[in-house]
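Asks: Before anything else, here's the structure in question.
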Amino acid sequence: MIKLTILDGHAVNPGDLPWDFLNQYADITVYERTPQNLVKERIGNSDAVFLNKIQITEEILSACPNLKYIGVLATGYNVIDIQAAKRHNITVTNIPAYSTDSVAQHVFSFILYFTNQAAQHSQSVMNGDWVKCPDFCYWNGSLTELTGKTLGIFGYGHIGSRVAQIGKAFGMNVICCTRTPKPDMPTAVSFEELLKCSDFLTLHAPLTEQTTNIINKKSLSLMKSTAYLINTARGGFVVEKELADCLNAGGIAGYAADVLLHEPMDKDSPFLNARNCLITPHIAWAPYETRKRLQGIAEQNLKAWLDGKPVNVVS
């Protein structure tokens, strides 16, 4: 039986989804978190590892000659030096398309936060404002219907297409900008037109050299002052200081993100005091059902590799 080490298991399983299902395949050791300086020591003579955000470098692989399999417990695998893994004949797999529904749901939780303002009004009620109100109802700020509003989608993969379906169900006008057009895609537009026309713009493209820092002072200047920007993809899309300055100047109406350039958040992040800025701590992928699905795919990946027929291979 192989030796399998899970280096940072807490994110996927904070206690509600045990790792016992892996006992049939391997002798497992689970660490909730692993500091980078302990990675080599904890991998040791393991044949396989599961990890989420642990950096795996040439130095680490050279120090762990028994290692033959890395299972990334996420879709993104930029934490792995893929070329080094190839040189060491190590199979690397990821978990594709497991969080499509939960991330799309999170996008609309952000959108509805801005349009319905349920949290703000509930807090107002709990503060006693309704008790003091002379009328049967009141509202703080304008409330907005989604029907007829334009939803712009940057990137049209699994998540982008699911967001489009939900947007259409709300009666929104859906447009998108993508490098890989599809036959069933909503109206395709240029990136500049996407910026200019969207009432709600949500980011779902891969982070590449071309998309890094694509949301900056120049691109933000093309957006409507009434528009909202949503980012559940990658923090690297955004020049954070320029976006915070735009928010504070009223250049756009609001920003909501589940991802930042640095995670955990920096104590001096420009978003901490930015106007109409909503940040959640990278939880769009974290519903119980989503994490259980992730574990199921991780098991399938491991079993396929053990059977000599690896799937979801990225190296």
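The values are calculated or read from the model by the stated rules, or taken from the named source; none is laboratory data. The structure presented is a predicted model; accordingly, all values stated were derived computationally and were not measured. Here Cβ is always computed from backbone atoms with ideal geometry, including for glycine, and neighbour counts include all displayed protein chains. Quick note on the areas: whole protein, heavy atoms, side chains included, nothing else; ligands and nucleic acids left out. Shrake-Rupley method; radii C 1.70, N 1.55, O 1.52, S 1.80 Å.
Asks: Quick check on residue 75: is it open to solvent by less than 70 Å² (accessible area, probe 1.4 Å) and either over 20 Å from residue 283 (Cβ atoms) or of a type in the set (Phe, Trp, Tyr) (or both)?
Replies: no
Asks: Residue 118 fails exactly one of the following numbered conditions: (1) touching a helix residue (DSSP H, G or I) at 6+ places or on another chain (Cβ under 6 Å); (2) open to solvent by 20 Å² or more (accessible area, probe 1.4 Å); (3) closer than 30 Å to residue 142 by Cβ; (4) aliphatic (A, V, I, L, M). What is the number of that condition?
Replies: The one condition residue 118 does not meet is (1).
Listed here are the residues, each with its yes/no results for (1) surrounded by fewer than 17 Cβ atoms within 10 Å (Cβ to Cβ); (2) modelled with pLDDT of 95 or more; (3) charged (D, E, K, R).
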| site | (1), (2), (3) |
| --- | --- |
| 30 | yes, yes, no |
| 36 | yes, yes, no |
| 42 | no, yes, yes |
| 45 | yes, yes, no |
| 50 | no, yes, no |
| 57 | yes, yes, no |
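Asks: Go through (1) under 30 Å from residue 276 (Cα atoms); (2) touching a Gly at 6+ places or on another chain (Cβ under 8 Å); (3) touching a residue at least 40 places away in the same chain (Cβ under 8 Å); (4) polar (S, T, N, Q) and name the single condition residue 102 misses.
Replies: Exception for residue 102: condition (2).
Asks: Also: Within the set of pairs 6+ apart or on separate chains, which have a first residue in the stretch 105-131 that is under 15 Å from residue 258 (Cα atoms), a second that is in a helix (DSSP H, G or I), and C-beta atoms under 7 Å apart?
Replies: Partner pairs satisfying both residue conditions: 107/163; 108/166; 113/119.
Asks: Something else about it: Keeping to the stretch 201-242, report how many residues are within 18 Å of residue 276 (Cβ to Cβ) and in contact with a strand residue (DSSP E or B) (Cβ under 6 Å, 6 or more places away or on another chain).
Replies: 9
Asks: Return yes or no: is residue 107 modelled with pLDDT of 95 or more, hydrophobic (A, V, I, L, M, F, W, C) and either open to solvent by less than 30 Å² (accessible area, probe 1.4 Å) or part of a strand (DSSP E or B) (or both)?
Replies: Working: modelled with pLDDT of 95 or more: yes; hydrophobic (A, V, I, L, M, F, W, C): yes; either open to solvent by less than 30 Å² (accessible area, probe 1.4 Å) or part of a strand (DSSP E or B) (or both): yes.
In short, yes.
Asks: Do we have any residue at all in the stretch 285-302 that's outside any helix (DSSP H, G or I), open to solvent by 70 Å² or more (accessible area, probe 1.4 Å) and modelled with pLDDT of 95 or more? Give the steps one after another, and end with the answer.
Replies: Taking the stretch 285-302 and keeping what is outside any helix (DSSP H, G or I), we get 285-287.
Of the ones still in play, those that are also open to solvent by 70 Å² or more (accessible area, probe 1.4 Å) are none.
Within the stretch 285-302 (the criterion being outside any helix (DSSP H, G or I), open to solvent by 70 Å² or more (accessible area, probe 1.4 Å) and modelled with pLDDT of 95 or more), the answer is no, since none of the residues qualifies.
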